[in-house]
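Note sheet for the following structure.
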Amino acid sequence: MNVSIARAPWTDGATTPAAATTTTAAARTWTAATTRTAAATATAPDDETLIAAAGRLGAVLPSTIDAALLDFADRSNPTGALLLTDVPVGELPTTPSAPDAAADKDLTTELTLLAVARRLGQPVGYAPEHGGRIVQNLVPTQAAADLQMSTSSRSNLMFHTETAFHPHRPRYLALFCLRGNPEAHTTMASIFDIVTHLDTETREATVEAMFQPRFRTSVDASFLGDRVDQLGAPHALLTGTLDEPTFVFDADLTVGIDDEAREVVARLHAAIEAATTSVVLSPGDLLVIDNNRAVHGRSPFTARFDGTDRWLQRAFIVSDLAPSAADRNGRVIVTEFGTDPA
Ligand SMILES: O=C(O)CCC(=O)C(=O)O
Ligand SMILES: [Fe+2]
């Protein structure tokens, strides 16, 4: 089953025979603007400085991209995903060996990712995720190869709402591919497609149960630290309406609290598999996922750990900073989960 993801190429939308040249011109204009901004920005700027610079670059985004982003922020779309293509990535060093390994690169791709992020809302970091970085380097590491983590490779990253257990989970995540791997499929399933793939006989009852607080999602181990395990409070998988739904589910961490709810979870697993669409990200692809509408994951792939591996940069975006104010340090959300073991 493959539903096609909305795409927007990094051009200014010209459809004349000169389009090829225009494409180059749009990319050239952007590259010149980001390079100038990167050169004028300190090597390790604070988050606000970097985001403000990226925000100003919004004024030179190609018009088609700007329109596609605003439209996505206004009404999302049936797949809950938007793929920007042909985004300039410039010259790249080898893939860093770990997310926090220093990469000898300028800030052009970070500025691009944050300019896009700023059109959708407010970029934030999460303290337990890569130390709260606003732009995270997702690269495979030996240590995480078999885990359910963004730095894994051999494992199948199961379908999830990003930080499903979090009161301040992101509304969007943006994945910018700097270097690809042909085996790595980023998988997605939108709630609209999932509902149509639910078994017809039981669909109505399944959807009704999904609107009820009969499910619990445990906190990802990386968010607990030394604190003891916490199975989150009962919650609904669906809120809002079926026309404007918010869907929260983690195939690894969400369970039903009664027999029927457990059966609903089993039916959902099947419907998600059937509704799956996927994309192999290649350099210059920037995928935006609406975390209210689509769950995502990633297929296994072979990592080489030799500087040529897959390399994504990721940003998390909330629609509004206000709800997390008491739980934030600058741009970094610091909500604590679990309880002290003592
Ligand atoms: O590597 C991917 O394509 C997706 C990883 C993922 O789930 C994430 O970055 O949140
Ligand atoms: Fe994810």
- Task: Could you list Trp30, Trp311 in order of exposure, starting from the residue whose Cβ has the fewest other Cβ atoms within 10 Å?
- Result: Trp30, Trp311
- Query: When N is the residue count of region 155-304, what does its C-alpha Rg come to as a fraction of 2.2 N^0.38 Å?
  - Reply: 1.07
- Task: Per residue of region 328-336, in order, report the coupling 6.51 cos²θ - 1.76 cosθ + 1.60 (Karplus, θ = phi - 60°) as ³J(HN,Hα) in whole Hz, putting x for Gly and Pro.
- Result: 10, 10, x, 8, 9, 7, 10, 3, 9
- Item | the chain, Cα convex hull volume normalised per residue, Å³ | 142
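Placing +1 at every Lys and Arg Cβ and -1 at every Asp and Glu Cβ, with all other atoms neutral, what dipole size does region 32-169 have around its Cα centre, in debye to the nearest 20? Each step should come with its number before you reach the end.
Numbers: 9 positive and 15 negative charges, 38 e Å.
Approximately 180 debye in magnitude.
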- Quick one: Leu92, Leu70, fewest Cβ neighbours within 10 Å first, how do they rank? Leu70, Leu92
- Exposure-ranked with fewest Cβ neighbours within 10 Å first, Tyr126, Tyr172 stand as Tyr126, Tyr172
- Query: Which percent of Cα pairs goes in each bin when the distances of region 37-112 are cut into 5 angstrom slices starting at zero?
  - Reply: 3, 12, 19, 20, 19, 15, 10, 3, 0
- Item | Span from the region 60-81 Cα centroid across to the region 239-300 one, whole angstrom | 21
- With Cβ to Cβ distances under 13 Å as the rule, what net charge do the other residues near Arg75 carry (K, R +1; D, E -1)? -4
- For His185, other-chain or 5+-apart residues with amide H closer than 5 Å (H placed, Pro excluded) are Ser299
- Item | Simple spin-label estimate for Thr308 and Thr24 in nanometres, 7 Å along Cα-Cβ | 2.9
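Only the coordinates and a few stated rules stand behind these numbers; no lab work does. Since the structure is predicted, the reported quantities are computational estimates derived from the model, not experimental observations. Every residue, glycine as well, gets a Cβ built from its backbone with ideal geometry; the counts of neighbours run over all protein chains shown.
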